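Engineer: One structure coming up, written as structure tokens, with questions to follow.
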Amino acid sequence: MRFSNLLPLLITVICSPAAMADQMQGLVRVTGNPPFKQVTITKPREFSGVPLCPGDKAKRIMNLESLVVKIYGGEKTVGATKCFEMGSFTVLKTPAGNTAVVGQLQQKEGVFFLLADDGRTLPLSDVPDGLRSMIGKKVVLDIRPQNTLTGARYEAVYYLEFP
């Protein structure tokens with residue numbers, strides 16, 4: 001096959017949204033007062049952050065303030081302001097700096113457990129009332145292992161509903 005025949009395909013691949021997608025990682029911060037709140041992603045040891053483009057997607061992660069996330073999307077200009085248009089995101093770290101575990105909270109025969117997005121099933125102990133109310137929902141947890149007479153379990157030391 002000649003290169004000239006591949007050129008249209010090559011241009012399509014290079015110019016596709018997936019090829020132009022970008023990512024950034026940092027701490028979620030919310031600044032300003034309603035109705036002018038703005039979500040920014042701040043990299044470690046930096047004072048100013050990159051603003052997320054206003055809209056439903058930015059509002060969606062507003063509740064993740066103080067968590068470290070990885071955001072996929074791309075840079076965009078809205079009016080005279082540059083911002084980052086978020087496509088999707090992954091929660092990486094909790095406010096304590098520990099690895100976040102994301103999954104669906106379940107209960108079976110009185111035992112609470114997390115069906116983690118990475119495929120693990122994590123039994124939980126000492127589940128707080130606030131977390132108990134989230135059965136069936138996707139949650140973000142900071143957990144620490146506990147050894148019990150019935151085997152390894154995990155205690156949720158931080159939790160919130162996944163937006």
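The values are calculated or read from the model by the stated rules, or taken from the named source; none is laboratory data. Being a predicted model, the structure only gives us computed values, none of them experimental. FYI the Cβ positions are ideal-geometry reconstructions off the backbone, even for glycines, and counts take in every protein chain you see.
Engineer: Looking only at the stretch 41-82, count how many residues are in a strand (DSSP E or B), touching a Cys at 6+ places or on another chain (Cβ under 9 Å) and surrounded by 14 or more Cβ atoms within 10 Å (Cβ to Cβ).
Structural biologist: 4
Engineer: Out of the residues in the stretch 16-40 that are part of a loop (DSSP other than H, G, I, E, B) and either among the polar types (S, T, N, Q) or over 17 Å from GLY55 (Cβ atoms) (or both), state the one that is modelled with the lowest pLDDT.
Structural biologist: Only one residue tops the list, namely SER16.
Engineer: VAL78 passes all but one of (1) of a type in the set (A, V, I, L, M); (2) more than 28 Å from MET134 (Cβ to Cβ); (3) under 17 Å from the mean Cα position of the chain (by Cα); which number fails?
Structural biologist: VAL78 satisfies all of (1) of a type in the set (A, V, I, L, M); (2) more than 28 Å from MET134 (Cβ to Cβ); (3) under 17 Å from the mean Cα position of the chain (by Cα) except (3).
Engineer: Another question about this same structure. Test of understanding: among ALA156, ALA96, which residue is more than 12 Å from the chain's Cα centre (by Cα), of a type outside the set (Ser, Thr, Tyr) and crowded, with 19+ Cβ neighbours inside 10 Å?
Structural biologist: Answer to the selection: ALA156.
Engineer: So, one more: Within the stretch 120-153, which residues are of a type in the set (Gly, Ala, Ser) and either modelled with pLDDT under 95 or under 25 Å from LEU27 (Cα atoms) (or both)?
Structural biologist: SER125, GLY130, GLY151, ALA152 - these are the residues of the stretch 120-153 that are of a type in the set (Gly, Ala, Ser) and either modelled with pLDDT under 95 or under 25 Å from LEU27 (Cα atoms) (or both).
Engineer: Looking at the stretch 85-163, what strands (runs of 3 or more DSSP E) fall wholly within it and have at least 2 residues that are under 17 Å from LYS70 (Cα atoms)?
Structural biologist: Here the list reads 101-108, 138-148.
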